[in-house]
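J.: Submitted below is the structure of interest, expressed as structure tokens.
The values are calculated or read from the model by the stated rules, or taken from the named source; none is laboratory data. Just so it is clear, the model here is predicted, and its values are computed rather than measured. Note: ideal-geometry Cβ built from the backbone for every residue, glycine included; neighbour counts use all protein chains shown.
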Amino acid sequence: MKERLPVITIMGPTGVGKTDLAVSLNEEISSEIINVDSVQVYKGMDIGSGKPSKSTLLIHPHKLLSIIEPWESYSTALFVIDATREMDLCHRSKKLPILAGGTMLYFRSLLSGISRMPAADQTVRAEIVTEAKKMGWQHLHKRLSKIDPESALRIHSNDTQRIQRALEVYLISSKTMSEWRQGNQGRELLKSHDIFQFGIKPESREILRNNIKQRFLRMLEEGLVEEVDKLLKMKQMDSNKVSMRSVGYRQVCDYLEGRLSYEEMVTKAINATRQLAKRQMTWLRGWKNLNWVSQDPKVFIDLIKSKLKFEG
């Protein structure tokens, strides 16, 4: 029997308004917002990650927001531990957990479990890197698409770290990453909570593409370049840190270090963000038990209340 409070998840592509809906719901019912964004966990990475404003956070604080330094590592496994802890605290305080964000791997791992894949093998990894230097990562991505089409569809051809890991898993175990993940089902979260999963559907592809462009231009106006410059000047930081590989930050790093002109940086960042949104939508179209909702807060809140039988 599921004795705990239900859990709400709000998913969607970048720039679609997940935070706005989470905040609107937080205003209406006793709840806590838990961040599910792998970039917003970093301190000091505020503008480029699209964190809520300080004034919003004073009224609607988000858990798991700005919890580690930008030079530190944070894994999916750590997220699952932290998010589970926050949901337990919500249960104790009789508040509804609202999990909002766009990192689909975090959502899937929390709901369906983390695959116990083979540990890293430095010899195999070195062989993959050597091949990449000779043939290029695009070639390895095509190789992955033949071995594991599902993973290749999910992993962007420029995401060298994840291409490397997917190939490494197969070479070590003779099982694809997709096969490992399929064998991992039945998290305790699904057994102990009613999960109401919502995906925000963009009005149209073109509107979302334009919103992404305008959003990035606003970030530049708000001081994104200055934010990245300040981060890179920290003693422990450099542009090779995992945090700086994030969409937007990576392109600004390339601009500040002279590899791109300002105009090239803007174009590449917008295009990369659009590609990210496209990948997120691909994940969501195959997501089980997902309720698609519009970007209208009132419609969304009314739907939530009807499902949870809240009276207001």
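J.: Select, from LEU25, LEU5, the only residue that is in a loop (DSSP other than H, G, I, E, B), touching a residue at least 40 places away in the same chain (Cβ under 8 Å) and more than 27 Å from ALA272 (Cβ to Cβ).
T.: LEU5 is the lone residue from the list that is in a loop (DSSP other than H, G, I, E, B), touching a residue at least 40 places away in the same chain (Cβ under 8 Å) and more than 27 Å from ALA272 (Cβ to Cβ).
J.: For residues in region 212-271 being among the β-branched types (Val, Ile, Thr) and either in contact with a Pro (Cβ under 6 Å, 6 or more places away or on another chain) or buried (at least 21 other Cβ atoms within 10 Å of the Cβ) (or both), which is nearest to GLU72 (Cα to Cα)?
T.: VAL228
J.: Test SER75 against the stated conditions and say whether it is in the same structural domain as LYS230 (by TED's automatic domain parsing) and at pLDDT below 95.
T.: Yes.
J.: I need a count of the residues in region 252-296 that are part of a helix (DSSP H, G or I), without any contact (Cβ under 8 Å) to a residue 40 or more places away in the chain and more than 18 Å from the chain's Cα centre (by Cα).
T.: Residues flagged as part of a helix (DSSP H, G or I), without any contact (Cβ under 8 Å) to a residue 40 or more places away in the chain and more than 18 Å from the chain's Cα centre (by Cα) within region 252-296 amount to 10.
J.: Conditions: (1) assigned to a loop (DSSP other than H, G, I, E, B); (2) touching a His at 6+ places or on another chain (Cβ under 9 Å). THR19 meets all but one. Number of the miss?
T.: Just one mismatch for THR19, condition (1).
J.: Another one. Within region 42-77, how many residues are farther than 20 Å from PRO6 by Cα and surrounded by 14 or more Cβ atoms within 10 Å (Cβ to Cβ)?
T.: Qualifying residue count, region 42-77: 23.
J.: Just checking, does region 31-53 include any residue being over 23 Å from MET244 (Cα atoms) and assigned to a helix (DSSP H, G or I)?
T.: no
J.: Residues to consider are GLY102, GLY15; find the one that is farther than 24 Å from ASP194 by Cα and crowded, with 18+ Cβ neighbours inside 10 Å.
T.: Checking each option against the conditions leaves just GLY15.
J.: May I ask you to list the residues in region 34-49 that are under 15 Å from LEU64 (Cβ atoms) and within 14 Å of the chain's Cα centre (by Cα)?
T.: Answer for region 34-49, where residues must be under 15 Å from LEU64 (Cβ atoms) and within 14 Å of the chain's Cα centre (by Cα): ILE34, ASN35, VAL36, ASP37, SER38, VAL39, GLN40, VAL41, TYR42, SER49.
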